[in-house]
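The values are calculated or read from the model by the stated rules, or taken from the named source; none is laboratory data. All values reported here derive from a predicted model rather than from experimental measurement. Positions of Cβ are backbone-derived with ideal geometry, glycine not excepted, and every protein chain shown enters the neighbour counts.
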Amino acid sequence: MLSAGKSLCSLLKNKYVLVLVIAFFSLITTVSAQEDVSCYHCHTKVVSEFRNNIHYQKGFTCEDCHGGSTQPNATVISYTVMSGDFIGRPTRANITNVCSKCHSQEAKDYKKSIHWEQIAKGHPEAATCTDCHGIHEIRAISDPNSSSNHQNSPATCAKCHSNKEMMSAWYYGIKTDRFDTYKESFHWRALDKGYTLVATCADCHGNHNTKSHKDPESTTYPDNLPGTCGKANCHPDIKFDAKIAAGLVHDKESLHTGELVFNKSGMNPRMRDYFLGPFDLAYWIAIFFKILTTGVIGIFAGMVFLDFLSRLKIHRRW
């Protein structure tokens, strides 16, 4: 017993052995401090992102989405991590089922959407929960850094809807200028200046239950547009004509010119609605308001300047 103690002391006096012992205990301490030892060891970046996740803040762990076991232990890799119901990386078709364990109503709504319809048809690239909300760094929609935040949602939608290769596929055929035309609208200009009470994509198209504009139940179906524009918190009590409401959607200002058009037989029906006789009203009304705005500002600026001169003369006189 005494000789064993002396041997241990002599070993500890060896600086190399001492360094190894300190390193071993440091490793044990560091690993034990990790809340998710097994996942953190291999997926350091992912776990670090997850710690910015609203789910992490509410006490959820990796196993809540991926299954398996993430019980902390003092080993570098837990042999139980991939046991039981471990599913690994969910397929895109299965992501909604994973999320539905907690977000059942949202999942039900989503399964009525055009996005889910496309996935069910075998087009897995259609948007699912993680495309809009993120994967490991999901944040509350009130968080300014959230991809689903009101200010950020147009750019989030544009990730897919500005992708020409994806949108031009035979089973989509959707125009890819939707974000560009939205940027020419009053809604975007106000949003870009910091106003939050203006319409973004979800306000018109819905969020989880987005439907095709050809679907009679869609909020953007032509007959439903007046109600969509006139709903509470948008333009209540304003009676929109269906044609006018349709014309206001994703209208590109640069398409309108001062050219007089007398023959409109081959013109797009939506463009034709802008014309009164040979005049494109969208172009001339825009010109009128630019002149009106400039004129009003000019008049008031002139009045302020004249008032300043008047006060200056009075000050000099007295």
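General observations
- Considering residues of the stretch 258-272 that are within 33 Å of the chain's Cα centre (by Cα) and touching a residue at least 12 places away in the same chain (Cβ under 8 Å) only, the residue farthest from PRO222 (Cα to Cα): MET271
- Of residues in the stretch 58-72 being modelled with pLDDT under 85 and polar (S, T, N, Q), the one nearest to HIS43 (Cα to Cα): THR70
- Residue under evaluation VAL304, criteria (1) modelled with pLDDT under 90; (2) surrounded by fewer than 13 Cβ atoms within 10 Å (Cβ to Cβ); (3) not in a loop (DSSP other than H, G, I, E, B), criterion not met: (1)
- Looking only at the stretch 174-188, and only at residues there that are modelled with pLDDT of 85 or more and in a helix (DSSP H, G or I), the one that is surrounded by the most Cβ atoms within 10 Å (Cβ to Cβ): TYR182
- Taking the conditions (1) touching a Phe, Trp or Tyr at 6+ places or on another chain (Cβ under 8 Å); (2) of a type in the set (A, V, I, L, M); (3) within 17 Å of THR210 (Cα to Cα) in turn, ILE174 satisfies each one other than (1).
Here is a yes/no grid of residues against (1) at pLDDT below 95; (2) touching a Ser or Thr at 6+ places or on another chain (Cβ under 9 Å); (3) farther than 24 Å from ASN149 by Cβ:
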{"position": "ALA74", "(1), (2), (3)": "yes, yes, yes"}
{"position": "THR80", "(1), (2), (3)": "yes, yes, yes"}
{"position": "SER83", "(1), (2), (3)": "yes, yes, yes"}
{"position": "ARG92", "(1), (2), (3)": "yes, yes, no"}
{"position": "LYS121", "(1), (2), (3)": "yes, no, yes"}
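- Test: residue in the stretch 235-245 that is within 31 Å of the chain's Cα centre (by Cα), at pLDDT 85 or above and surrounded by 11 or more Cβ atoms within 10 Å (Cβ to Cβ): yes
- CYS201 vs. criteria surrounded by 15 or more Cβ atoms within 10 Å (Cβ to Cβ) and over 20 Å from the mean Cα position of the chain (by Cα): no
- The helices (runs of 4 or more DSSP H) located wholly in the stretch 80-167 that include 3 or more residues which are buried (at least 16 other Cβ atoms within 10 Å of the Cβ) occupy 95-100, 104-110, 114-120, 129-133, 153-161.
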